[in-house]
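Asks: Here you go, one structure.
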Amino acid sequence: MSTLTDIEKRYLERLLGMGGGYVLDFSDNTYSEFFNKHRIDIHGSKYQTYGTSKAKKMRSFWEQEPDPIVGKVLSEMMDSYVASCELSGAEIDKPVLEKGRSAVDRLLGKQGRTASAPTESSFLDTEFTIPNIGKLPIDAPVVPVVEKRLTEARVALKAGANLSVIFLCGSVLEAVLLGAAQKHPAKFNNSKASPTTSAGSVKKFHEWSLAQFIDVACDIGVLKPDIKKFGHGLRDFRNYIHPYQQLMSGFTPDQHTAKVCFQVLKAALADLAGER
């Protein structure tokens, strides 16, 4: 079991919005997908000690699992919290977030948050150049399609067509990461972050979501961690294609979100071309 204290749990429950049985804005499906990355069947009977709500399963999870696993999961949960606040325009509860981060650092064996993590502002201020498309791990027939979408993304960004920017950037990055996976299948399939079926086998690449491609690519070192940290809008881009999904998420992309997504795409392409 983890060594989370009662006080730490209270801060974490506040941060993750667990008072009503929920955990952030996760649905049952996205909650399952999130934990599956860590090889955890969160909806299994093992975690129904206190009940079947997502919050009760979370409480059971952090009581049953060891510090390293709980710390890693909670660290990503807090990243999701920050992303949800940024995308919805909600204010981040910084004091509570800091308490949560400190608890996670302790679980992961860190002595303190001494190293300053890159901020979104510093990430946006970094100059990334889109590499020669020929250096990317995609088949030749796909090159002109990618080039056209990159051109359209630039035009859409200038025109303030923010949702279009997210769609175009997400589709380009998904295509390039699929190409990378097809060229290096062993690396992608053997990652601990690779998505699996209910039978425990790794899913076929065409069944992976962009979020899963990003998680695996970061895990095996193909992409740098800042892509995962700041790529929330891109990771969820397919959800926003469906109007009802966008309505349910409360997501309204603005120009800032579009700029972050385009910056993430440029940085990721530079990683994939070996230029960063």
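Asks: Helix by helix, which DSSP H runs in the chain go 27 Å or more along their axis at the Cα atoms and have an average Kyte-Doolittle hydropathy of -0.5 or more? Don't skip to the answer; put the middle values down first.
Replies: Working: long enough: 67-88 (31 Å, 0.38); 162-183 (32 Å, 1.36).
Span-like helices in the chain: 67-88, 162-183.
Asks: Got a sec? Charge dipole of the chain, +1 on Cβ for Lys and Arg, -1 for Asp and Glu; which of A211, S88, G200 is way out at the positive end?
Replies: Towards the positive end, the residue furthest out is G200.
Asks: Also, quick follow-up: Report relative contact order for region 206-259 in percent, whole number only (criteria: Cα-Cα under 8 Å, sequence separation at least 6). Can you show the working numbers first?
Replies: Numbers: 21 pairs, mean separation 13.9, N = 54.
Value for region 206-259: 26 percent.
Asks: Any chance you could check the Cα centroid distance between region 13-70 and region 136-191 for me, in angstrom?
Replies: 33 Å
Asks: Next up: Dipole size in debye (nearest 20) for region 164-276 around its Cα centre, Lys and Arg Cβ +1, Asp and Glu Cβ -1?
Replies: Values: 13 positive and 9 negative charges, 41 e Å.
My answer is approximately 200 debye.
Asks: How much net charge surrounds R59 when only the other residues with a Cβ under 11 Å from the Cβ of R59 are counted, with Lys and Arg +1 and Asp and Glu -1?
Replies: On the way: positive: K9, K54, K56, K57; negative: E13, E63.
Net charge in that neighbourhood comes out at +2.
Asks: Could you give the length gained on full extension between K192 and E63, defined as 0.36 nm per residue of separation minus the Cα-Cα distance, in nm?
Replies: Numbers: separation 129, 0.36 × 129 = 46.44 nm, distance 2.28 nm.
Length difference between fully extended and current span is 44.2 nm.
Asks: Here is a further query. Multiplying the sequence separation of E147 and N239 by 0.36 nm and subtracting their Cα-Cα distance, what value in nm do you get? Write down the numbers at each step before the final one.
Replies: Working: separation 92, 0.36 × 92 = 33.12 nm, distance 2.40 nm.
Stretched out fully, the E147 to N239 stretch lengthens by 30.7 nm.
Asks: Could you please report the charge total around V70, scoring K, R as +1 and D, E as -1 over all other residues with beta-carbon less than 12 angstrom from its beta-carbon?
Replies: Working: positive: K9, R59, K72, R106; negative: E8, E63, E65, D67, E76.
Spelling it out: positives minus negatives among the neighbours equals -1.
Asks: Classify region 11-82 as rounded, prolate or oblate from the Cα gyration tensor: take a ≥ b ≥ c as the square roots of its eigenvalues, call it rounded if a/c is under 1.5, otherwise prolate when a/b beats b/c and oblate if not. Show your work: numbers first, answer last.
Replies: On the way: a/c = 1.23, a/b = 1.07, b/c = 1.14.
Rounded, since a/c falls under 1.5.
Asks: Further question: Give the label of the value calculated from the structure for semi-axes √(5λ) of the Cα gyration tensor in Å, choosing from [x] 28, 25, 15; [y] 28, 23, 20; [z] 32, 21, 18.
Replies: [z]
Asks: First select every other residue whose beta carbon is under 11 angstrom from the beta carbon of I92; then total the charges, Lys and Arg +1, Asp and Glu -1.
Replies: Details: positive: K94; negative: E86, E91, D93, E98.
That sum, taken over residues with Cβ under 11 Å, equals -3.
Asks: Counting alpha carbon pairs within less than 8 Å and at least 6 residues apart, what relative contact order, in whole percent, applies to the chain? Walk me through the intermediate numbers first.
Replies: Details: 315 pairs, mean separation 54.6, N = 276.
Relative contact order here is 20 percent.
Asks: If you don't mind, there's one more thing I want to ask. Using a Förster distance of 35 angstrom, determine the FRET efficiency expected from the C-beta separation of M248 and I133, and round it to 0.05.
Replies: Values: r = 36 Å, r/R0 = 1.02.
Using R0 = 35 Å, I get an efficiency of 0.45.
Asks: Sequence gap at least 6, Cα distance under 8 Å: using those rules, report the relative contact order of region 132-276 to the nearest whole percent. Let's see the in-between values first.
Replies: Details: 158 pairs, mean separation 42.9, N = 145.
Relative contact order comes out at 30 percent.
Asks: Please work out the FRET efficiency for the pair T49 and S122, using the Cβ-Cβ distance as r and a Förster radius of 35 Å; give the result to the nearest 0.05. Walk me through the intermediate numbers first.
Replies: Details: r = 42 Å, r/R0 = 1.21.
It comes out at approximately 0.25.
Rule-based calculations on the coordinates, nothing more; no lab input. Please read these numbers as outputs of a predicted model, since none were measured by experiment. Every residue, glycine as well, gets a Cβ built from its backbone with ideal geometry; the counts of neighbours run over all protein chains shown.
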